[in-house]
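What follows draws every value from the coordinates through simple rules; no lab data is involved. What you see is a predicted model, and the numbers here were worked out from it, not measured in a lab. Counting neighbours? That spans all protein chains shown, and the Cβs are built from the backbone with ideal geometry, glycine included.
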């Protein structure tokens, strides 16, 4: 099995397909390397596609110490994949937890990203939701540590931003759910405690996000309520960004509405690759509504 090793000794499992310009796919909390299969199949026709399991997600290593998990480590694990595979720059595509890592990668390692795709990013970010998010994280941590994964993971798959997937594509949702309950309970709990519970709010990172220079695509489902307002905020702050909102879609957009997700991503990547992606014209950000002075 192919692995790369991080600078703190954690082995990350990866798979790749295709050739050409590289894309690295970074999965969400409820996913793993398999979560990107619709994108691996589609984009490997044109690109070198890499998908990997984050630390704590099998068959990658599952460190027992929660201190081995953090937002910075999740960010640097993307770098470890690039360095381990000898890749100078890549398109970075992340969803949810992977979207947070992608944002942090973008402002920390600007010279290593050809572009950034920030999908379903915003859980717990809004200032008035921070305490609620922390409470819900602790409840879920205890469930992962005390209940069988069949029960803890199964109920997580029915969260309020997941039922859209079940309604839109019952067969696809069932596959997603069956893969989720195969995850390491310890890895899930440690990821929540070490990474998600401690990560800074996006609203506290506006200065850093404003420094992002790579082309950026922000994409979310219109029924992924925790991510809608943060996505609009990121659109305002990141001057190289565009915002796509997919209709009647929840959180797991890359597999829930994969055709629409792939179409938006392909159009974005093509514009970046041919040099047609432009930063925002500052004239769009004036205070006026219809342009009168």
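Data table
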item	result
Net lengthening on full extension, residue 147/residue 135 (0.36 nm per residue, minus Cα-Cα)	2.5 nm
The stretch 205-261, Rg to Rh (Cα coordinates; Rh as Kirkwood inverse mean 1/r)	1.01
Antiparallel %, DSSP beta bridges [both residues in the chain], to 5	25
Ascending count of other beta-carbon atoms within 10 Å, so fewest first, for 36, 225, 277, 173	225, 277, 173, 36
Principal axis dimensions, the stretch 3-285 - Cα atoms, whole angstrom, descending	53, 40, 36
Computed lengthening from residue 88 to residue 232, 0.36 nm per intervening residue step minus Cα-Cα distance	48.8 nm
Inter-part distance where the stretch 1-51 and the stretch 184-255 are each reduced to a Cα centre, Å	20
Segment residue 207-residue 276, extension gain: residue separation times 0.36 nm, minus the distance between their alpha carbons	22.3 nm
Burial ordering of 186, 158, 95, fewest other beta-carbon atoms within 10 Å first	158, 186, 95
Separation of alpha-carbon centers, the stretch 110-146 and the stretch 61-86, rounded to whole Å	17
Ranked list, fewest to most other Cβ atoms within 10 Å of each Cβ, for 47, 203	203, 47
Calculated [θ] (222 nm, deg cm²/dmol) that DSSP helices of n ≥ 4 give over the chain, each run adding -39,500 (n - 2.57)	-12000 deg cm²/dmol
Label point at residue 128 placed 7 Å out along Cα→Cβ; residues across the stretch 213-228 whose backbone nitrogen lies under 15 Å	226-228
